[in-house]
Amino acid sequence: MNRAAAMRTRCLASAAAAIIAGAVLAGCVLPESLPATPLVYINEFMADNDTTMQDPDGNGGYPDWIELYNAGDSAVDLGGMYLTDDLSSPTKWRIPDGVSIDAGGYLLFWADNDPDQGDVHTTFKLTSAGEAVGLFDTDANGNATIDTLIFEEQSMDVSFGRIPDGADAWQTLTTPTPGGSNN
């Protein structure tokens, strides 16, 4: 590291320490630790499901779906978290208590506006013309954003997914992989 870079690093570290010290002196209480954000991602979705995957709980229809992926080393309790298709309404649909996702696992939610079918059926549908999908934390954690995506128009029976799983890059998947790895 050159001398200028080393000086910038020391200055930034000193400034951060001064801000924290100032907050403590001003009577601010700093949390010992913030709640950990789970390593759960919106990993794939299909907003125009015509023949790809049939709803196992329904009347033979082909609803839209959203796949979550847990990149963590332990199961995550999703109960109390929220899924939405409207980022200005992050608490649109509360994931029921008891719904969890295994470590390294995948879980499908049916975006069919038919929650009476079971715990993985949302109160909204996706729009193939383009919109958003979001996963937000529990009320106790301030409904913090876990993952969101704004998407453009989608093609029939083509999903949109992260490759590799949980990565920042999204691609159209002409061979959708609901409930499994996109890799």
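Rule-based calculations on the coordinates, nothing more; no lab input. As the structure is a prediction and not an experimental result, all values here were calculated from the model. With ideal geometry, Cβ positions are generated from the backbone for all residues, glycine too; neighbour counts draw on all protein chains shown.
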Self-check item: Dipole magnitude of segment 32-183 about its Cα centre (Cβ charges: Lys, Arg +1; Asp, Glu -1), debye to nearest 20
Solution: 160 debye
Quiz item: Which number do you get for Rg(Cα) / (2.2 N^0.38 Å) in segment 119-179?
Solution: 1.27
Quiz item: Once label points are set 7 Å from the Cα along Cα→Cβ at both THR52 and ALA129, what is their separation, rounded to one decimal in nm?
Solution: 2.1 nm
Quiz item: chymotrypsin sites (Phe, Trp or Tyr not before Pro) within segment 80-183: which are DSSP loop residues with at most 11 other Cβ atoms inside 10 Å?
Solution: none
